[in-house]
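A.B. asks: Pasting in a structure now, in structure tokens, and then I'll have a few things to ask.
Computed from the coordinates by the stated procedures, all read-outs in this text should not be read as laboratory data. Every value quoted in this text rests on a predicted model; they were computed, and no experiment measured them. Positions of Cβ are backbone-derived with ideal geometry, glycine not excepted, and every protein chain shown enters the neighbour counts.
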Amino acid sequence: MRQAGFTRCKVGARRRQALAAYLLVGIACNPMSIGSVRASSLEGSSQYFDQGSALAKILTREMWGAQPAMDGVQPQEPLSIILHHTGVRSSPKLSLESKMRALQSFSQQRAQVSETRSRAPWPDVPYHYYIDPSGRIAEGRDVRYKGDTNTDYDVTGHIQIALEGNFEHELPTKQQLEAARDLLTWLTLSWGIPIQGITAHKDHAKTVCPGKHLLEVLPRLLSTVDIQRTSIIASMCTQERSHEFPRVRCSER
Ligand SMILES: [Zn+2]
């Protein structure tokens, strides 16, 4: 069942309203970056990654019923990762699939960013990955294309990951943090990104994103990513499975 947006969604008016409110507030309050790049080695295979203790299942664009990206995406090579929150309270009762479809529909239309400013339609969803409160991960924009943002910084080269919620006022869930750990482990291994290459939106632009409660746990999150990466690299190199992540050099451990 493909659903392009609110008008064609087979969801009730109340739910449509909830989705619209969710997106309007989220995108307006939350300058986001769009864009990303998917490793060619991951093409079509991002449903699962299973490396050592790291396991993450990703809801692909096809699975959530994405429309194609519109014209205007700009290529990039992913060199780093930026973490965001969506900036509105999480909506655990809405399905990730419906949220992604609504997000794409909203992104691809002209939208009001503030009382005085609107933005042109974006070619695709603003994030490369989206993690809901249950820890489900959705594939957003193809990481091979850079993102867009309502804030003022150069989005080139960044993989944009959004965790659903407003972490100024609520806490990220345990499941979200575990999913983030696994996604970050996988992305850093896939793209050869160092741990230092994972930053918060706040490090790049004038914003509170990704919220104080996510920032509080960020050092611990990055530490678990580092531990997991080290363990996977050690195991992969010992077992001569380095082809699984060609950007990882066993000799450089
Ligand atoms: Zn952000």
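A.B. asks: Packing-wise, with mean Cβ within 10 Å as the measure, how do 155-167, 66-78, 87-99 rank, highest first? All intermediate terms of the calculation are to be shown ahead of the outcome.
C.D. replies: Details: 155-167: 25.3, 66-78: 15.1, 87-99: 17.8.
So the peptides 155-167, 66-78, 87-99, ranked by packing, come out 155-167, 87-99, 66-78.
A.B. asks: May I pose another question? Run down the aspartates and glutamates and flag those whose C-alpha is under 12 Å from the C-alpha of LYS174, throwing out any fewer than 8 positions away in its chain.
C.D. replies: Those aspartates and glutamates meeting the cut-off are ASP132.
A.B. asks: Still on this structure, please answer the following. Using 0.36 nm per residue, how much length does the chain from SER134 to THR230 gain when fully extended, once their Cα-Cα distance is taken away?
C.D. replies: Working: separation 96, 0.36 × 96 = 34.56 nm, distance 2.63 nm.
That works out to 31.9 nm of additional length.
A.B. asks: Leaving out same-chain residues fewer than 8 places away, which aspartates and glutamates sit with a Cα under 14 Å from that of LYS202?
C.D. replies: ASP152, ASP154, GLU168, GLU216
A.B. asks: Give me the compactness ratio for the stretch 55-200, meaning the Cα radius of gyration over 2.2 N^0.38 Å.
C.D. replies: Details: Rg = 14.6 Å, N = 146, 2.2 N^0.38 = 14.6 Å.
Rounded to two decimals, the normalised Rg is 1.00.
A.B. asks: At GLU216 and GLN196, where each label point lies 7 Å from the Cα along Cα→Cβ, what is the point-to-point distance in nanometres?
C.D. replies: Going from the GLU216 label point to the GLN196 one covers 2.9 nm.
A.B. asks: Please list 179-191, 203-215 highest first by mean number of surrounding beta-carbon atoms within 10 Å per residue.
C.D. replies: Numbers: 179-191: 23.9, 203-215: 19.4.
Going by the mean number of other Cβ atoms within 10 Å, highest first, we get 179-191, 203-215.
A.B. asks: Something else: Contour minus end-to-end for GLN67 and ARG110, with contour as 0.36 nm per residue of separation and end-to-end as the Cα-Cα distance?
C.D. replies: Values: separation 43, 0.36 × 43 = 15.48 nm, distance 1.66 nm.
My answer for the length gained is 13.8 nm.
A.B. asks: If you don't mind, another one. For the stretch 48-181, what is the relative contact order in percent, using Cα pairs closer than 8 Å and at least 6 residues apart in sequence? Before the final figure, lay out the partial values.
C.D. replies: Working: 253 pairs, mean separation 44.2, N = 134.
With pairs under 8 Å counted, the relative contact order is 33 percent.
A.B. asks: So who's got an amide H within less than 5 Å of the one on LEU163, skipping anything under 5 residues away but keeping other chains? H placed 1.01 Å off N, in plane.
C.D. replies: Under 5 Å from the amide H of LEU163 lie the amide H atoms of HIS84, HIS85, THR86, ILE131, each far enough along the sequence or on another chain.
A.B. asks: Still on this model: Taking H as built 1.01 Å from N, whose amide H comes closer than 5 Å to the amide H of GLN74, not counting residues under 5 places away?
C.D. replies: LYS146
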